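The values are calculated or read from the model by the stated rules, or taken from the named source; none is laboratory data. For clarity, every value in this text was computed on a predicted model and none was experimentally measured. Because the Cβ atoms are built from the backbone with ideal geometry, glycine has one as well, and the counts that use them run over all protein chains shown. Heads up: the accessible areas ignore ligands, DNA and RNA and are worked out on the full protein's heavy atoms, side chains in. Shrake-Rupley method; radii C 1.70, N 1.55, O 1.52, S 1.80 Å.
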Amino acid sequence: MRRFVADKTRNLISRISRRTTSTSSISRLVSSHHPTSATLHRPSSSSSSSSFLTANFNFMASNYSTAPLSLQTINPKVLKCEYAVRGEIVTLAQKLEQELKENPDSHPFDEIIYCNIGNPQSLGQQPISFFREVLALCDHPAILDRSETQGLFSADAIERAFQILDQIPGRATGAYSHSQGIKGLRDTIAAGIQDRDGFPADPNDIFLTDGASPAVHMMMQLLIRSEEDGILCPIPQYPLYSASIALHGGTLVPYYLDEATGWGLEISELKNQLETAKSKGICVRALVVINPGNPTGQVLAEDNQRKIVEFCKTEGLVLLADEVYQENIYVPDKQFHSFKKVSRSMGFGEKDISLVSFQSVSKGYYGECGKRGGYMEATGFSPEIREQIYKVASVNLCSNISGQILASLVMNPPKVGDESYESYTAEKDGILSSLARRAKTLEDALNSLEGVTCNRTEGAMYLFPSIKLPQKAIKAAEAAKTAPDAFYARRLLDATGVVVVPGSGFGQVPGTWHFRCTILPQEDKIPAIVSRLTEFHKKFMDEFRD
């Protein structure tokens, strides 16, 4: 009986998903407003989709009449939260993948190519050997005393493992650590930040986390008191931010990146949106900047960053700097500068600006998503606020030790003269140069398609092309009760097995349509992606030509 009910539930959810719009809360936020007068995204007690779900689940009430939770009684902030990069299109892709396993001839393609999420190793990227050697030795320190270890592992990996183990409580990666992370590893990370920026870094400002996402959630917990508190976020944005703001009950205050200038961030736009928010009674607490951009792939110029820092200082905003793609720069005329470096070079010290910088081991050239390592460096906060940040961190006890170790390795890789330096450099350069080639190939291919324009990918791991859809396609999407770019992405998946994320999941200027595509499939698969996409797009445009 339980299995029967579960199957009925899954089937119902599937039918409802197809009938309801796939447009995310961010696309609803911007769907009917000009970018210069964007509506604030306030949490509500219910959404239209949740009401629809509730109505359609009523027939099952007898089966779950005594259940303590229902869609009417669940936390409405959870219903409001959406995360497009693992949304409906991905669920459908996984279903198709299972069908291909069971019957390889069931679809007009032989594999699903996931271009929806920045998950490099799932698409064939190999981990950095030195990092994995150190991790292996730390996780199983008994092999450090074996004679054959010298022939299997590099000398500097063995030395680094001994150093790290001496810093871990009980020399055991299965032990809890300090809630901010192991002190010795934070020392290493602080030294790496200082080497990168040329300005001092304090290990006490560093909080090691399970990837950057928990650090973002932690800051939203601290900043958001009610829906009257707003966070300035870029549009398009990475859905982590809209989801986190929704979960914590705040208001997303959108500012629009300028696609015509390569996704430029204009200070005039920030000022306009700040004033609009204030006029509606919103207390804006912080500004989110993603550099390099996700999903947009731009790299900010240092002069632009200076203006952003000045804006935050003048307006009394916390600057939340998402810098997880700092190693992913693909064009010679752009360079990564951390906001910490920029603010210090302007003469702003600890008491002048509140800045939180996020870094992760999931991106860069390392791509260790599953290891869940990262950190935030929180500067410009009083001792009293630092105590509160630590209290929130301590609720989770500590981040995982393997992720902590990786974060220290990322910020302190092999140096010239180390045994692993040459192999490490070759692996790093090989990955980054290949990513640059893939980005350019996909960019050129997209720009060759009818009605598609794509800005260059200066950094990060994505392209975010704009697509001008025929009115017939838009009307077909409306009939299917889905966003036009989601309609396109679904048709692309069904025809080619290529998975992309509709732009409506990231937010976009009303009346424009986009999709996000990663550059992460291995280089030998890029020609097949280009071929499949080109053939599909031509047929799609011909089918719906006005």
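Among the conditions (1) assigned to a loop (DSSP other than H, G, I, E, B); (2) in contact with a His (Cβ under 7 Å, 6 or more places away or on another chain), the only one that VAL509 does not satisfy is (2). Scanning region 163-182 for residues that are free of Cβ contacts under 8 Å to residues at least 60 places away in the same chain and in contact with a helix residue (DSSP H, G or I) (Cβ under 7 Å, 6 or more places away or on another chain) yields LEU165, GLN167, ARG171. Evaluate the following for GLU443: is it open to solvent by 10 Å² or more (accessible area, probe 1.4 Å), modelled with pLDDT of 95 or more, in contact with a strand residue (DSSP E or B) (Cβ under 8 Å, 6 or more places away or on another chain) and outside any loop (DSSP other than H, G, I, E, B)? Here the answer is yes, as GLU443 does meet what is asked. The set of residues in region 268-306 that are open to solvent by less than 30 Å² (accessible area, probe 1.4 Å), outside any helix (DSSP H, G or I) and over 27 Å from LEU520 (Cβ atoms) comprises ILE282, VAL284, ALA286, LEU287.
Taken together, the residues in region 266-316 that are touching an Asp or Glu at 6+ places or on another chain (Cβ under 8 Å) and more than 30 Å from TYR330 (Cβ to Cβ) amount to 7.
A single entry from LEU432, LEU492 fulfils the requirement of being part of a helix (DSSP H, G or I), outside the structural domain of GLY262 (by TED's automatic domain parsing) and buried (at least 20 other Cβ atoms within 10 Å of the Cβ): LEU492.
Does any residue in region 415-440 that is closer than 18 Å to PHE153 by Cβ come within less than 7 Å, Cβ to Cβ, of a residue that is small (Gly, Ala, Ser) six or more places away or on a different chain, and which pairs are these? Final answer for the pair search is GLU419/SER154; GLU419/ALA155; SER420/SER154; SER420/ALA157; SER423/SER129; GLU427/SER129. Counting only residues that are open to solvent by less than 30 Å² (accessible area, probe 1.4 Å) and under 21 Å from TYR375 (Cα atoms), region 150-172 holds 4 of them. The sole residue among ALA495, ALA473, ALA489 that is touching a Phe, Trp or Tyr at 6+ places or on another chain (Cβ under 6 Å) and within 13 Å of PHE544 (Cβ to Cβ) is ALA473. Selection within region 453-476: residues that are of a type in the set (D, E, K, R) and touching a Gly at 6+ places or on another chain (Cβ under 9 Å). The member of this set that is most open to solvent (accessible area, probe 1.4 Å) is LYS468. Inspect all residues belonging to region 497-518 and state whether any of them is among the charged types (D, E, K, R), within 19 Å of the chain's Cα centre (by Cα) and farther than 24 Å from GLU99 by Cα. Yes, region 497-518 has at least one match. Considering only residues in region 90-122 that are under 17 Å from the mean Cα position of the chain (by Cα) and hydrophobic (A, V, I, L, M, F, W, C), the one that is modelled with the highest pLDDT turns out to be CYS115. Residues that are part of a helix (DSSP H, G or I) and under 20 Å from GLY459 (Cα atoms) within region 512-529 comprise GLU523, ILE526, listed in sequence order. Selection of helices (runs of 4 or more DSSP H) fully inside region 119-195 by the criterion of at least 3 residues being in contact with a Cys (Cβ under 9 Å, 6 or more places away or on another chain) and outside the structural domain of VAL392 (by TED's automatic domain parsing) returns 155-167. All of LYS539, LYS481 fail the test of being in a helix (DSSP H, G or I), of a type in the set (Lys, Arg) and either open to solvent by 20 Å² or more (accessible area, probe 1.4 Å) or assigned by TED's automatic domain parsing to the domain that holds SER434 (or both), apart from LYS539. Quick check on SER129: is it over 20 Å from GLN404 (Cα atoms) and either surrounded by fewer than 19 Cβ atoms within 10 Å (Cβ to Cβ) or among the small types (Gly, Ala, Ser) (or both)? The answer is no for SER129.
Does PRO254 count as in contact with a Phe, Trp or Tyr (Cβ under 6 Å, 6 or more places away or on another chain), within 30 Å of ASN75 (Cβ to Cβ) and surrounded by 20 or more Cβ atoms within 10 Å (Cβ to Cβ)? Judged against the criteria, PRO254 is not a match. For region 463-498, give me the residue count where each residue is over 22 Å from PRO236 (Cα atoms) and of a type in the set (Asp, Glu). Total meeting the criteria: 2.
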